[in-house]
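Enquirer: Got a structure here, written out as structure tokens. Questions coming.
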């Protein structure tokens, strides 16, 4: 039982990271139909910013803040340079652009920083742990879960109460109608990218505090996982992205914990196998409604 | 020579031309020395995989990344079957299936490997072909990751993450050239084939494709299997060329490389795949040179790892921004032979024109409504038995009752109008008949056969063709190809009734435009292409959704003549929706009026014209129009009134 609860805790923690990433992807997708393969690269970017600052001897919390701010900036730059020129192109063109960007960024870090892993140590207190009824609870678990809950609440508040948030929700329904209301398309899309960058920055900081290192290719797999979380929940559906992120986290932790050791190497394979099966049974994901095209 | 024969000949010539160019180029380069020979051979193997990728991605428009997985499956299968028993005893002593007991000759192992890859794809495709768009991409990516995990972790079979070595090596560039020839001919002929054309139609517009009788899922499935076979072949050759395989050789590096190659040249064509492969390979050679840290003019350039991927990423982004369809788009090298072909085609079309068929858009006979309806046919018993009958059909969308108990009948040889204000349910009815929606209740039958639950493609194959309110063409295909898709379906399913596309195109007066992309034509012409495409199905019933929308008075008069002539030629019944009362009254033998999902009136145009219910539905008042002996209704010509 304790083992089970321990794994639930681990699942919540990993799921939170995926959920934050998946939410950012979903916001951008719902507004402009872009499947952003380069989303995971935001994590790498945040990691390298923190790595670059590490030598300065400042407190970790400060690096984290700068890292998040830098990630927001990077998301905005991505949108401006790579995605704005293809905004009106087909979804396939946009997707390929993001794939190209993802390849480019990973290769750039490899070429201009180093192909090897670089250390980004977390703060000392992150590995503090205490026991509650046999459960080993680490500070990072609490931090991750609390940050995720707060981020989701803030996002909800933004989407429900602010003009730009309402405009974003409206744009997800009908972008042209929003423009006719006199709201600038660029503002809505930039806001979406800023939010996705912010969430990715949070996810990156949480993840790096656990892993303590960054490498050029870590973003790609996280991005693919976030992408998978979205597809599980139904692309473009924010609640679906959240649920999909947690589902993916739980499945991964469960497989890792309970697959016989001889099969443990297959964890990723099994996760993707399950996702493939899910999509074949429900092509729209768990919560996606099948949108009938009007003819 | 038929269109298809001609297309296939041209495609073969194109494939041959591509092959000769590629072969001569690589052989010339290979003759420069050992390392050049290596580069040339690897380029050719990559070309096979890129061409394999093109077969699926280019024709279906669905991006599948699974090509590297199939290359990996092929490579490992052939390697495991042909590697000497002695080597396997050392590397994989505990291999399952007795794999380490067999040692097949290389050609046999290669053949079995390609067949096995194809079979694996055939099973996976049953599921994948049902997906479209982004879901398909994700599943294909999942497949790549699963195959990688399998190859890495099934240590007893594959030897794990490290290289599996000792594969009998096949260094000869001639073997690889043979593979290239197979790949190029397969891909180019596939694109030009009937099935290939249908698949491209699904790429252009899935809904329109199903409306002309194309089975979208099955088409995609065929492309998937063909693509996997060619990719498997590429993988097989790669393994034997290198003499060793490792799981990471069939993972993201190869995926990105081949994707950049295809995207740069243009995914819609085989020539584009070739051009892109060569260009990226050249750039990769240059960057490898730079990445190694060479000394140029005495300056040592620092070694740059990852440079080639940097360039691949940049290439993909730039192509997407500047020219999303790639350098060549869907153009093929055989397009250069086109001048020759066009002359031949125009001779044939001329012959048709000079024959018995008069062109459709010609002089008009407005008052001949009764006379040129096939006399007496509509009333005969035999024709009644063939009728399209709609019995008490209802269609509800959640709470909205779009259609309630609608019954109507269209006989062969008859033009029936369906009018009603916006939101009356006219288009919904058309969608229910053509299978786009399924009726909530009621029954639809043709010639006594129930079609209520048939799929759109079945309904089209059974002789009910339709057009769309917003015109749905295959915009990236030529006018001729738009029509050919339907002709090929008619040839297979409308025994003996299919008419050659040349004849149809000539009747609609498309002579000069047949090779233009349908999406580039002016609006009016696009509508005609759609009508020609529907007529090409040789339907028993033709459903037209607002054919006169957006046309001026003169054009809609011409349309009246055109629709009647289609009816006369095909002997089909026509169900026609329009707002334009004037137009409908001119063209129809009978008409139905739909309001709020119910039929509120039925009869001849004269009867409808005076029906108070109709007037109320259209204008919302009871006493607007007092019909006199005048034939024309006293309502405005264009009844685009929202009551």
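The values are calculated or read from the model by the stated rules, or taken from the named source; none is laboratory data. Note that this is a predicted model, so its numbers are computed, not measured. Glycine also receives a Cβ, built like all others from the backbone with ideal geometry; neighbour counts cover every protein chain displayed.
Enquirer: I need a count of the residues in region A:256-285 that are out of contact with any helix residue (DSSP H, G or I) (no Cβ under 6 Å at 6 or more places or on another chain) and closer than 15 Å to residue A:224 by Cβ.
Expert: Number of matching residues: 1.
Enquirer: So residue B:461 ticks every box in (1) surrounded by 18 or more Cβ atoms within 10 Å (Cβ to Cβ); (2) away from every other protein chain (no Cβ under 14 Å); (3) over 17 Å from the mean Cα position of the chain (by Cα) but one. Which box is left unticked?
Expert: So residue B:461 meets the others, but not (3).
Enquirer: Among what's in region A:258-278 and is at the interface with another protein chain (Cβ under 7 Å from one of its Cβ atoms) and modelled with pLDDT of 75 or more, pick the residue that is farthest from residue A:4 (Cα to Cα).
Expert: Restricting to residues being at the interface with another protein chain (Cβ under 7 Å from one of its Cβ atoms) and modelled with pLDDT of 75 or more, the top hit is A:276.
Enquirer: When you go through (1) under 23 Å from residue A:145 (Cα atoms); (2) within 11 Å of chain B (Cβ to nearest Cβ); (3) surrounded by fewer than 18 Cβ atoms within 10 Å (Cβ to Cβ) one by one for residue A:281, which number turns out not to apply?
Expert: With respect to (1) under 23 Å from residue A:145 (Cα atoms); (2) within 11 Å of chain B (Cβ to nearest Cβ); (3) surrounded by fewer than 18 Cβ atoms within 10 Å (Cβ to Cβ), residue A:281 is out only on (1).
Enquirer: If I go through region B:391-424 residue by residue, how many of them are closer than 23 Å to residue B:542 by Cβ, in contact with a strand residue (DSSP E or B) (Cβ under 6 Å, 6 or more places away or on another chain) and away from every other protein chain (no Cβ under 14 Å)?
Expert: 18
Enquirer: Looking at region A:61-80, which of its residues are buried (at least 18 other Cβ atoms within 10 Å of the Cβ) and either facing another protein chain (nearest Cβ under 7 Å) or over 15 Å from residue A:48 (Cα atoms) (or both)?
Expert: A:78, A:79
Enquirer: List the number of the failed condition for residue B:301; all other conditions in (1) more than 14 Å from every other protein chain (Cβ to nearest Cβ); (2) modelled with pLDDT under 85 hold.
Expert: (1)
Enquirer: Kindly check whether there is at least one residue in region A:199-220 that is assigned to a strand (DSSP E or B) and within 23 Å of residue A:104 (Cα to Cα).
Expert: Yes - at least one qualifying residue is present in region A:199-220.
The rows are residues; the columns are (1) more than 22 Å from the chain's Cα centre (by Cα); (2) at pLDDT 90 or above; (3) more than 28 Å from residue B:8 (Cβ to Cβ).
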residue	(1), (2), (3)
B:481	no, yes, no
B:484	no, yes, no
B:494	no, no, no
B:500	no, no, no
B:507	yes, no, no
B:530	no, yes, no
B:535	no, yes, no
B:539	no, yes, no
B:544	yes, yes, yes
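Enquirer: Would you be able to tell me the number of residues in region A:1-31 that are under 22 Å from residue A:220 (Cβ atoms) and either touching a helix residue (DSSP H, G or I) at 6+ places or on another chain (Cβ under 6 Å) or surrounded by fewer than 21 Cβ atoms within 10 Å (Cβ to Cβ) (or both)?
Expert: Final tally of qualifying residues: 16.
Enquirer: Okay, next question. Quick one: count up the residues across region A:24-66 that are closer than 21 Å to residue A:126 by Cα and over 15 Å from the mean Cα position of the chain (by Cα).
Expert: 19
Enquirer: Looking only at region B:216-237, how many residues end up being under 10 Å from the mean Cα position of the chain (by Cα) and surrounded by fewer than 24 Cβ atoms within 10 Å (Cβ to Cβ)?
Expert: 1
Enquirer: Scan region B:576-597 for residues that are assigned to a strand (DSSP E or B) and either touching a helix residue (DSSP H, G or I) at 6+ places or on another chain (Cβ under 8 Å) or surrounded by fewer than 20 Cβ atoms within 10 Å (Cβ to Cβ) (or both) and jot them down.
Expert: B:576, B:577, B:590, B:591, B:593, B:594, B:595
Enquirer: While we're on this one: Hey, can you tell me all the residues within region B:538-559 that are over 15 Å from residue B:507 (Cα atoms) and in contact (Cβ under 8 Å) with a residue 40 or more places away in the chain?
Expert: B:539, B:540, B:541, B:542, B:543, B:544, B:545, B:546, B:547, B:549, B:553, B:557
Enquirer: Ok, one more. Return only the number of the condition from (1) within 14 Å of chain B (Cβ to nearest Cβ); (2) modelled with pLDDT of 90 or more; (3) within 29 Å of residue A:10 (Cβ to Cβ) that residue A:116 does not satisfy.
Expert: For residue A:116, the exception is condition (2).
Enquirer: Only one residue in B:77, B:117, B:41 is modelled with pLDDT of 90 or more and either closer than 20 Å to residue B:220 by Cα or in contact with a strand residue (DSSP E or B) (Cβ under 6 Å, 6 or more places away or on another chain) (or both). Which one?
Expert: B:117
Enquirer: For region B:195-207, check the following and say yes or no: at least one residue is facing another protein chain (nearest Cβ under 9 Å) and either touching a helix residue (DSSP H, G or I) at 6+ places or on another chain (Cβ under 7 Å) or closer than 30 Å to residue B:431 by Cβ (or both).
Expert: Looking for residues that are facing another protein chain (nearest Cβ under 9 Å) and either touching a helix residue (DSSP H, G or I) at 6+ places or on another chain (Cβ under 7 Å) or closer than 30 Å to residue B:431 by Cβ (or both), one finds at least one in region B:195-207, hence yes.
Enquirer: Does residue B:180 meet the test of being at the interface with chain A (Cβ under 9 Å from one of its Cβ atoms) and either at positive phi or at pLDDT 85 or above (or both)?
Expert: no
Enquirer: What number of residues within region B:464-479 are under 17 Å from the mean Cα position of the chain (by Cα) and in a loop (DSSP other than H, G, I, E, B)?
Expert: Qualifying residue count for the region: 7.
Enquirer: Of (1) more than 19 Å from residue A:76 (Cβ to Cβ); (2) more than 14 Å from chain B (Cβ to nearest Cβ); (3) in a helix (DSSP H, G or I), residue A:131 satisfies all except one. Which?
Expert: With respect to (1) more than 19 Å from residue A:76 (Cβ to Cβ); (2) more than 14 Å from chain B (Cβ to nearest Cβ); (3) in a helix (DSSP H, G or I), residue A:131 is out only on (3).
Enquirer: Any residue in region B:122-142 that is assigned to a helix (DSSP H, G or I), away from every other protein chain (no Cβ under 14 Å) and either crowded, with 21+ Cβ neighbours inside 10 Å or modelled with pLDDT of 85 or more (or both)?
Expert: yes
Enquirer: Identify, by number, the condition in (1) within 14 Å of chain B (Cβ to nearest Cβ); (2) part of a loop (DSSP other than H, G, I, E, B) that residue A:83 doesn't meet.
Expert: Every condition holds for residue A:83 apart from (2).
Enquirer: If you don't mind, another one. From B:161, B:149, which residue is more than 26 Å from residue B:212 (Cα to Cα), surrounded by fewer than 22 Cβ atoms within 10 Å (Cβ to Cβ), within 14 Å of chain A (Cβ to nearest Cβ) and modelled with pLDDT of 85 or more?
Expert: B:149
A quick yes/no check of all residues on (1) on the phi > 0 side of the Ramachandran plot; (2) in a helix (DSSP H, G or I):
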{"residue": "B:392", "(1), (2)": "yes, no"}
{"residue": "B:402", "(1), (2)": "no, no"}
{"residue": "B:409", "(1), (2)": "no, no"}
{"residue": "B:413", "(1), (2)": "yes, no"}
{"residue": "B:424", "(1), (2)": "no, no"}
{"residue": "B:429", "(1), (2)": "no, yes"}
{"residue": "B:432", "(1), (2)": "no, yes"}
{"residue": "B:439", "(1), (2)": "no, no"}
{"residue": "B:445", "(1), (2)": "no, no"}
